[in-house]
Amino acid sequence: MKASNPFWKDQLEDQMPPQLAAEIDVFEHELALRRQGKIDERVFAETRLRRGVYGQRYDSGQRHDGIRTRTLAYPEGKPTKGPNTVWDAPGMQRIKIPFGGLNARQLEVIAELAEEYADGVAHVTTRQDFQLHFVHIDDTPTIMRRLAAVGITTREACGNSIRNVTACPLAGVCRDQVFDVTPYAKMMAYYLLGHPECQDFGRKFKIAFSGCKENPCALVRMHDMGFIAAVREVDGALRRGFEVYVGGGLGTVPYQAKLFAEFLPVEELLPLAVAVARVYTKYGEKKNRNTARIKFLVHKLGLEEFKQRVEQERAGLRPDPRWEQMLREIPTYQERPLKDPGLLQITAPRLEGFERWYARNVYRQRQPGYATVTIALPLGDITAAQLRRVADLARKYTRETVRTTVEQNLVLRWVSEADLPALYAELKAAQLAEPVAGSIADIVACPGTDTCKLGIASSRGLAAELRQRLLAQGADQDAAVSNLHIKISGCFNSCGQHHVADIGFYGVSRNKNGYTVPHFQLLVGGQWEENAGSYGLAIGAIPAKRVPEALERFIRRYRSERAFGESFQSFIQRIGKAECKRMVEDLMPVPPHEEDPSFYVDWSDAREFTIGDLGVGECAGELVSPVDFQLAACEREAFEAQLLLEAGQIERAAQTAYKAMMHGAQALLRFKLGAFPEDPEAVYQQFRTHFYDTQLFFDPFAQGKFAHYYFAAHARNGAPHDPESARRQIEEAQLFLEAAHSCYARMLAAPAGG
Amino acid sequence: MAKQPDHINVKIFALEPTPEDLAGAIPVFHRWIQQNAAPELLIDVADYRHVPAGPGVILVGLEANYSLDLTENRLGLLYNRKKPVAGSLEDKLRQAYEAASAACRRLEQEPEFHRKLHFDPNSCEVIFNDRLLAPNTLETFERLRSGMEQFFAELWGRGTFALERVGEPRERLRVRAAVRSSLTPLI
Ligand code: SF4
């Protein structure tokens, strides 16, 4: 969409790490191929998801405008971005930030992208990512290049892959930590990024690291795999390791992760991750996405059996030199302050509001004289101008030690305590000093119906409304309730983590009086502490417009009836679920439409409510087999060969065309035999044996002709080409790949064992 | 050869006193979608009222967005052109300004804002929303000055206005244009 898109690649050539640059070129080729209709829409959808390029609400081209469902008049003649997904429809770009760690320049670039390609706002997610909304797919390669130039990749930000590895935002500075988990989280994130063992999952896979067991920062127990720092004495020496959990997850059916190992030495961290990935790939559900998360596999097999299989896989792993190499780098990881430690001057004059902000948003680090400051972002949103301001402050007061948090905020670490008043003044000037961090008003919400295709009700609209009311009531300053957590999801999928809130909500709809009415299911008593230690009780569905009143009742009752020191969870348990329901039962009926039509409209909206806009979600990614994937990659290679030929690079063009064929043969071998030979000679021999000699690859008309193209190219590989022979080899590669697709389709259609 | 700027944004400021709450923009923009009230394909409404000095309420379109924007805590109607526009700089400016201006007139008539919201016809801000095509430098500003002057002369009359480059270097190139006598702007 942007007129400057063609120029950025050259502009940034020297600034992008070659690996990232090459990956983005590949993605751009895939876009080009899809535009030409040369990649299947499902394959393309999974491809873009694995680059963090998501669909957004209404991208089917249909939208209910409050009166009727209309077809949005997008330009015709373009391909889809995936099944039922219009090319020109705005989408979302997710930006993966491992453990939430960012520097100032990265913040500035995200600000630039938010302004130039999105709606001016960058959004921090509950996985410490950033998201940009209302992005055009044609702009995504440029967005990726500009990110790559500052060391950020969007790879595997979505899709059936290892999602962003999260960690406590206080890791390294926390007073309660066992040790700093940051370098381990980083090591895990980069080791598993693009790892071949992690490319064939049935669903996404989420990993978290926590520095201690008690505090909730990393929510380890709601993860597919979670690690809590631990030390143990071995042979008289203290050794680092992790308590390991597997099989947790929220979603429709929340599962608490199970204790997999009480102590896993750090040396075993990466091998264990690979072994678990193998087990998940081998035995995890692939067809039914509703039961494809690893939590279902752990449940189905039982923890012991699951463990055994992981141990078996671990035993069979060939040592990877990177295990040791990456571990050796751990001690070199160090965050340092910019300024000397300081003391907050008790007597110095301070700006109004400083004390409240200090009490709520400042955390005194384990390192005396330093503090971590939380910048509370309303609904996780921050403007481009504010991001630049945060970058300035990160440079001025710290060595650019910024992190995102799973509560959708930012933290500035290593601020000298003496600088706190000055920092507060600057944050306040930038409207970034709201003293609500971690309070009841610091509400977490998923995108909901604002942008998510699966959203049922407006989680962000409700969050904004509750936030405003709670602040107006001073609930964030009321010692009794100020520390309660509220989390809201737009549907049962729990991206807003409603299960682990004191008070959680998720969007549902109810048919009343012949209309569809937005509601929120209310959950109470979930546990944020102890790494998301327990999940909330569902009480009932409340009409969206009455949720503020329901919330107020719980707040009021807890405030007045709690016993000394009684937590909200204990209070809820004491009064019981039936009583909780009784408290809000009268709020559940919906008045007739003619009496109060506002009930039939969601928060932050003006249209009569409908669920007709619900789309097909992409959270999970399209389920595409690795063969589909590999064949798509081969087509891309053939396409690249064409480009090379046009650029006059004859030998490289022919060589690339040959590789496309060889990789196509490899893909088929992988499907048929589960074997994945690397050596070109082995691929050739095995392909000949299993696909040519058996006639499996034979076309009904052309017979073995297409296989011969590959054989001929293999035989002459290395011999010089002229433009004509190179062109022919490229064409042959394309035909060979067509035949590979047909062969794969025939194998899929064949009866089992046939 | 210097690259031609594109993706021109125009913000027409609201006159004081401005409405306290922008909630009214939500039904207004939804109605605009129902009525196809702009030449662009209008898609959805995004509510950012909770973000201080943020984009306010946005009417998201395919070729352009319209918003009641609060950047720098200054309310205005922002027209953000996303799809390239053919022609000279003056053509692009004219397209963006006219689109913004038409939206202002329409907003002033909407029941939610009637007599509560007025826009200043004598000043605006031009934002070049592409750092590569129009880097935020004095040189770019000077290069584009004559095109801008030509357009604003057409709008306000030659020699009646001033152009000023505003903001800091990391921002997009941003130019404030105002009629010199507009200290007490016309309503
Ligand atoms: S919880 Fe539902 S509405 Fe919210 S982001 Fe997830 S899928 Fe979308």
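The values are calculated or read from the model by the stated rules, or taken from the named source; none is laboratory data. Source: prediction; values computed, not measured. Virtual Cβ from ideal backbone geometry, glycine too; neighbours counted across all protein chains shown.
Listed here are the residues, each with its yes/no results for (1) surrounded by 23 or more Cβ atoms within 10 Å (Cβ to Cβ); (2) not assigned by TED's automatic domain parsing to the domain that holds residue A:12.
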{"site": "A:97", "(1), (2)": "yes, no"}
{"site": "A:100", "(1), (2)": "yes, no"}
{"site": "A:105", "(1), (2)": "no, no"}
{"site": "A:111", "(1), (2)": "yes, no"}
{"site": "A:123", "(1), (2)": "yes, no"}
{"site": "A:132", "(1), (2)": "yes, no"}
{"site": "A:144", "(1), (2)": "yes, no"}
{"site": "A:154", "(1), (2)": "yes, yes"}
{"site": "A:159", "(1), (2)": "yes, yes"}
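Here is a list of conditions, (1) more than 20 Å from residue A:602 (Cβ to Cβ); (2) touching a residue at least 60 places away in the same chain (Cβ under 8 Å); (3) in a loop (DSSP other than H, G, I, E, B), and residue A:452 meets all of them except one; can you say which number that is?
(1)
Residue B:110: surrounded by 13 or more Cβ atoms within 10 Å (Cβ to Cβ) and within 14 Å of chain A (Cβ to nearest Cβ), yes or no?
In short, yes.
Spot the failing condition for residue A:486; the list is (1) within 12 Å of the ligand (Cβ to nearest atom); (2) at negative phi, and only one is missed.
Condition (1) is where residue A:486 drops out.
This table checks each residue for (1) modelled with pLDDT under 95; (2) more than 25 Å from residue A:587 (Cβ to Cβ); (3) not in a helix (DSSP H, G or I).
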| residue | (1), (2), (3) |
| --- | --- |
| A:434 | no, yes, yes |
| A:460 | no, no, no |
| A:466 | no, no, no |
| A:476 | yes, no, no |
| A:488 | no, no, yes |
| A:506 | yes, no, yes |
| A:516 | yes, no, yes |
| A:522 | yes, no, yes |
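Does residue A:687 count as under 18 Å from residue A:635 (Cα atoms), touching a Phe, Trp or Tyr at 6+ places or on another chain (Cβ under 8 Å) and aromatic (Phe, Trp, Tyr)?
For residue A:687, the condition - under 18 Å from residue A:635 (Cα atoms), touching a Phe, Trp or Tyr at 6+ places or on another chain (Cβ under 8 Å) and aromatic (Phe, Trp, Tyr) - is not met.
Which residue out of A:131, A:106, A:93 is assigned to a helix (DSSP H, G or I) and either within 19 Å of the chain's Cα centre (by Cα) or of a type in the set (D, E, K, R) (or both)?
Result of the check over A:131, A:106, A:93: A:106.
If I filter the stretch A:600-615 down to residues being aliphatic (A, V, I, L, M) and within 12 Å of chain B (Cβ to nearest Cβ), which single residue comes out as surrounded by the fewest Cβ atoms within 10 Å (Cβ to Cβ)?
My answer is A:606.
Residues are listed down the side, and each one gets a yes or a no for (1) among the small types (Gly, Ala, Ser); (2) farther than 27 Å from residue A:592 by Cα; (3) in the same structural domain as residue A:449 (by TED's automatic domain parsing):
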{"residue": "A:472", "(1), (2), (3)": "yes, yes, yes"}
{"residue": "A:479", "(1), (2), (3)": "yes, yes, yes"}
{"residue": "A:485", "(1), (2), (3)": "no, yes, yes"}
{"residue": "A:491", "(1), (2), (3)": "no, no, yes"}
{"residue": "A:503", "(1), (2), (3)": "no, yes, yes"}
{"residue": "A:519", "(1), (2), (3)": "no, no, yes"}
{"residue": "A:527", "(1), (2), (3)": "no, yes, yes"}
{"residue": "A:536", "(1), (2), (3)": "yes, yes, yes"}
{"residue": "A:539", "(1), (2), (3)": "no, no, yes"}
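Yes or no, residue by residue, for (1) within 16 Å of the ligand (Cβ to nearest atom); (2) out of contact with any helix residue (DSSP H, G or I) (no Cβ under 7 Å at 6 or more places or on another chain):
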{"site": "A:384", "(1), (2)": "no, no"}
{"site": "A:394", "(1), (2)": "no, no"}
{"site": "A:411", "(1), (2)": "no, yes"}
{"site": "A:447", "(1), (2)": "yes, no"}
{"site": "A:459", "(1), (2)": "yes, no"}
{"site": "A:471", "(1), (2)": "no, yes"}
{"site": "A:475", "(1), (2)": "no, no"}
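Taking interchain pairs and intrachain pairs at least six residues apart, which have beta carbon atoms under 7 angstrom, with the first residue in the stretch A:1-30 and away from chain B (no Cβ under 14 Å) and in contact (Cβ under 8 Å) with a residue 12 or more places away in the chain and the second in a loop (DSSP other than H, G, I, E, B) and buried (at least 17 other Cβ atoms within 10 Å of the Cβ)?
A:16/A:149; A:20/A:153; A:23/A:155; A:27/A:51; A:30/A:39
I'd like to check which helices (runs of 4 or more DSSP H) are fully inside the stretch A:524-599 and have at least 1 residues that are loosely packed, with under 14 Cβ neighbours inside 10 Å.
A:547-561, A:568-575, A:577-584
Look through the stretch A:87-132, keep the residues that are within 14 Å of chain B (Cβ to nearest Cβ) and in contact with a Pro (Cβ under 7 Å, 6 or more places away or on another chain), and return whichever of them is farthest from residue B:128 (Cα to Cα).
Ranking the candidates gives A:87 first.
Kindly provide the set of residues from the stretch A:489-531 that are within 16 Å of the ligand (Cβ to nearest atom) and either free of Cβ contacts under 8 Å to residues at least 12 places away in the same chain or aliphatic (A, V, I, L, M) (or both), ordered by number.
Result: A:500, A:501, A:508, A:522, A:523.
Check the stretch A:199-211 and report whether any residue there is basic (Lys, Arg) and either over 25 Å from residue A:504 (Cβ atoms) or surrounded by fewer than 20 Cβ atoms within 10 Å (Cβ to Cβ) (or both).
no
Test residue A:558 against the criterion of being outside the structural domain of residue A:250 (by TED's automatic domain parsing), under 22 Å from residue A:588 (Cβ atoms), modelled with pLDDT of 95 or more and away from the ligand (no atom under 16 Å from the Cβ), and give yes or no.
The answer is yes for residue A:558.
For the stretch A:336-394, which residues satisfy the criterion of being away from every other protein chain (no Cβ under 11 Å), among the acidic types (Asp, Glu) and in contact with a strand residue (DSSP E or B) (Cβ under 8 Å, 6 or more places away or on another chain)?
A:340 - this is the single residue of the stretch A:336-394 that is away from every other protein chain (no Cβ under 11 Å), among the acidic types (Asp, Glu) and in contact with a strand residue (DSSP E or B) (Cβ under 8 Å, 6 or more places away or on another chain).
For the stretch B:38-59, indicate whether the set of residues that are more than 10 Å from every other protein chain (Cβ to nearest Cβ), among the acidic types (Asp, Glu) and either surrounded by 23 or more Cβ atoms within 10 Å (Cβ to Cβ) or out of contact with any Pro (no Cβ under 7 Å at 6 or more places or on another chain) (or both) is non-empty.
yes
Quick one: in the stretch A:399-416, which of the residues that are in a strand (DSSP E or B) and of a type in the set (Ser, Thr, Tyr) is surrounded by the most Cβ atoms within 10 Å (Cβ to Cβ)?
A:404
Here are A:229, A:257, A:189, A:273: which of them is within 27 Å of residue A:444 (Cα to Cα), touching a Cys at 6+ places or on another chain (Cβ under 9 Å) and surrounded by 18 or more Cβ atoms within 10 Å (Cβ to Cβ)?
A:229
Scan A:269, A:327 and give me the residue that is touching an Asp or Glu at 6+ places or on another chain (Cβ under 8 Å) and assigned to a helix (DSSP H, G or I).
Only one candidate qualifies: A:327.
Can you pull out the residues in the stretch A:431-445 that are more than 16 Å from the ligand (Cβ to nearest atom) and of a type in the set (A, V, I, L, M, F, W, C)?
Those that are more than 16 Å from the ligand (Cβ to nearest atom) and of a type in the set (A, V, I, L, M, F, W, C): A:432, A:433, A:436, A:437, A:440, A:441.
Kindly check whether there is at least one residue in the stretch A:162-181 that is buried (at least 22 other Cβ atoms within 10 Å of the Cβ) and more than 26 Å from residue A:375 (Cβ to Cβ).
Yes, the stretch A:162-181 contains a residue that is buried (at least 22 other Cβ atoms within 10 Å of the Cβ) and more than 26 Å from residue A:375 (Cβ to Cβ).
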